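Values in this text are rule-based calculations from the coordinates and carry no lab data. What you see is a predicted model; the values in this text were computed from it and never measured. As a convention, Cβ positions derive from the backbone with ideal geometry for all residues, glycine included, and neighbour counts pool all protein chains shown.
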Amino acid sequence: MARAPLLQISDISLTFGGDPVFSDLSAVIQSGDRVALVGRNGSGKSTLMKVMAGLIEADTGDRVVPPGVTVGYMEQDPTMEGFETLGDYASSELPEGEAYRVEMVAEGLKFDPNRPVATASGGERRRAALAKLMAEAPELMLLDEPTNHLDIEAVQWLENELKTTKAAYVLISHDRAFLRALTRATLWIDRGAVRRQETGFEGFEAWRDKIWEEEEMMIHKMDRKIKAEARWAVEGISARRKRNQGRVRALQDLRAERASMIKRQGTAALNIESGPTSGKKVVEVEGLQKSFGDKQIISNFDITIQRGDRVAFVGPNGVGKTSLIKMILGQVEPDAGKVKLGTNLEIAVFDQTRAQLDPEMTLWDSLTGDPDMRVGGRADQVMVRGVPKHVVAYLKDYLFDERQARAPVKSLSGGEKARLLLAKLMAKPSNMLVLDEPTNDLDIETLDLLQEILDDYDGTVILVSHDRDFLDRVATTTVAMEGNGKATVYAGGWTDYMAQRKETIETVAKSAPKDKPADKPKTDQKKSGLTFTEKHRLEALPAEIDKLNAEIAKLEELMADPELFTKQPVKFQKATEALVQRQNAVAAAEEEWLELMEKDGA
């Protein structure tokens, strides 16, 4: 059955600063499409999306949106002038009386609609832009890195929303798990051209590698032919000059075609050198406790990190992951407990705020201004793992061109800032890496390379990330920070943590008595360590959890109706609130179970 086109771009060409971004580019987005838009950093993904949204006018070509079709675009850096709060901005295009839609989305995305625009962070502004788009519910959504600044819980909420929406969408993201779960087609931008494949991101990398392999084979054959024809031209043309001018012209055309081919951008030359070997025990934490006002960050936390461990800290935004890492590094004083760092440590820190980069400095000065990196006071060379290298050559290793060397840091994209910070970080030997949200804004190829060098790194890695795929590929231990000061250590990455957590809850539930036991001697209460009230609560909780789960299943079935949101918004809102309330109740009941079982076995 034919699907209706929602947006069509034809023969689009666009040039910035004399360099072509696209040339004769065409694409069609149809109803029901769930498209991954992929490409290297700087390939023009965001620019193409703005062309699709009608925010940038191409030099040539056409953009056609059928009458009545609504297209929505999530702004990465939204302009909020004239709005007092984030909620005012997010609801500005909604019909009167429908601002509640923003509140419903805000709960899932975890942002406060009442937050004043003047004090909102960049991440809060992005979440407000995403909430605005989700609440307006256009027929076609254009989503540019929607998972940046979202914690895993919010990413999973958004993933579920996009799975059930009737709208079509085009999605830019570096989050592999997010792309795999949602997309059914792929648009790939490569050197100004766009290819489409009718499979989701799951099949993209194999498709891309096959195309690159075929291209390399074609170039190899062309180079061999040029070489053979050139030899013929030198050795045989003088005797047959007049008769073979056509063959000479064909050789010239072949050389021109080869010269016009745009060289594929390589990967960044990420490389890190381990410093001197650290002691076997890198970090020892005992009884750590910390609160900020009434908010408890960590309570009685213990962990030992050995040389070579890859430890990931996960949890909702604001739960205290960065604060805990700062306590481990000695930058924040705990209220109680102690942290002991091992011997001979050389620590390199990648911070999520990119605070080590001065936005007013040039890229050149960012590298040569560091006395530990400059070679003997020379301002044109940097010391890269003990070897002097010209600053421009080193910047090229990280995919910057010579013109960018004197540009200010503030002119860089998010991905470019991340690469510059990696360049500073990896120039120095280290034996302990602390990576706080390193994956934000990096393209998939650079993420692959970062994962590979971490695999080969001899030192210890402490990691904070919301990228589930990256956690699975890097972490050997996961510390789940669940709020209220609780942090639990699990073996493995994200998937391992989720499986172990589920298994723990199921084991506790199965081992619990289903009925009130017969009269037991009072000595049993003393052995278990539970009071009479606590023991009664322990016996009652399994039935309560089962009841709540049954109610959640009914609510989810009700909300699966795609017409409920549009036709009965009040009912949808009440169902959403009831669902959130019961999900929170289940989480609290399961937590209570675990605590009582631990006490019972004490």
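Tabulated data
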| read-out | value |
| --- | --- |
| Pairwise label distance in nanometres, V580 with D600, each label 7 Å out on the Cα-Cβ vector | 3.3 |
| For Y398, distant residues with modelled amide H under 5 Å away | A269 |
| Length released on extending from D62 to N300, taking residue separation times 0.36 nm less the Cα-Cα span | 79.4 nm |
| Listed peptides 113-125, 316-328 by packing density, highest first (mean Cβ within 10 Å) | 316-328, 113-125 |
| Region 1-55: radius of gyration over Cα atoms, expressed as a fraction of 2.2 N^0.38 Å | 1.24 |
| Diffusion coefficient, µm² s⁻¹, Stokes-Einstein with Kirkwood Rh over alpha-carbon pairs of region 98-184 at 20 °C and 1.002 mPa s | 161 |
| Built amide H within the under 5 Å cut-off of S291, gap 5+ | I297, D335 |
| Hz values of 3J(HN,Hα) by residue in region 4-16 - Karplus curve (6.51, -1.76, 1.60), Gly and Pro given as x | 6, x, 9, 7, 9, 10, 10, 6, 6, 10, 8, 10, 10 |
| Cα→Cβ-extended label distance, 7 Å offset, between L55 and E213, nm | 3.8 |
| Estimated FRET transfer efficiency (E360, A206; beta-carbon r; R0 51 Å; 0.05) | 0.70 |
| Inter-label distance, nm, simple model (7 Å from Cα along the C-beta direction), A193/K166 | 3.9 |
| Amide H contacts under 5 Å for R34, placed H, 5+ residues apart | Y169, R184, A185 |
| Peptides ranked, highest mean first, by Cβ atoms within 10 Å: ranges 190-199, 23-32 | 23-32, 190-199 |
| Equivalent ellipsoid dimensions for region 5-206 as semi-axes, Å, which come from the Cα gyration tensor, largest first | 28, 19, 16 |
| Calculated log₁₀ intensity ratio I(q)/I(0) where the Debye formula runs over C-alpha points of region 281-498, q = 0.08, 0.11, 0.12, 0.14 Å⁻¹ | -0.31, -0.58, -0.68, -0.90 |
| Size of region 291-391 as Cα extents on the principal axes (Å, biggest first) | 50, 33, 21 |
| Ranking of T79, T183 by count of other Cβ atoms within 10 Å, fewest first | T79, T183 |
